[in-house]
Amino acid sequence: LHNILPSEKKQEIDWLWDDKYKILKKIFNLNKKKQTESNANVQTFNYKKSTADTMKIWKMFSESMNFKVIYAFDIIQKLCDHELSDEERKIFGMLKKTYPKKINDVIKQLSMDRYNEYKNFVKEECLKNDFMYFDTNKVIGDPKYNKKWLFVDSIHYTDLGYKIIAEALNILIK
């Protein structure tokens, strides 16, 4: 592990005293102190930096352990090309009424422009890191799956949805 980490990460770790949990926390920045309320209002989450940093870590692991990374870009139902089944319409209608206001507000803010911006960013990062890129929307959005029950909520698939994704990934791997 010491040989594959960037030097700034190596310096954060006490290699004699840190146990494996502390080392992992330091690698993935899990032990940073929480920001104060006033500081949190000023700073916003930088998803691009976070994604790029995470991919760098995956690249280090994949190179040191000799495996390929496939980045499966997941879609949320609202932005998917999939035509809803009767079951999905009922579920989403009920969820819209029962979700807390905060969740509904976040879902309303999601747009195809933001989705495409992030998708294109992820594709670029995958190219930089020599990862395979897999867009689940292209699979789930195939018209042959229209009106099939694929979602149990806004972001999770049914067994059929996961089966469809797994079959597509299996073809990609072979």
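Closer than 24 Å to Gly161 by Cβ, more than 17 Å from the chain's Cα centre (by Cα), not acidic (Asp, Glu) and not in a loop (DSSP other than H, G, I, E, B): is that true of Met60 in this structure?
When the stated conditions are applied, Met60 does not pass them.
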>> I need a count of the residues in segment 145-166 that are closer than 19 Å to Ser85 by Cβ and outside any loop (DSSP other than H, G, I, E, B).
In response: 10
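A quick yes/no check of all residues on (1) more than 15 Å from Ile140 (Cβ to Cβ); (2) of a type in the set (Gly, Ala, Ser):
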residue	(1), (2)
Ile75	no, no
His82	no, no
Lys90	yes, no
Gly93	yes, yes
Ile103	yes, no
Ile107	yes, no
Lys119	no, no
Lys123	yes, no
Asn129	yes, no
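Since every read-out is calculated from the coordinates, none of them should be taken as a lab result. Nothing here was measured: the structure is a model prediction, and the numbers come from that model. So basically every Cβ, Gly included, is an ideal-geometry build from the backbone, and we count neighbours across all protein chains shown.
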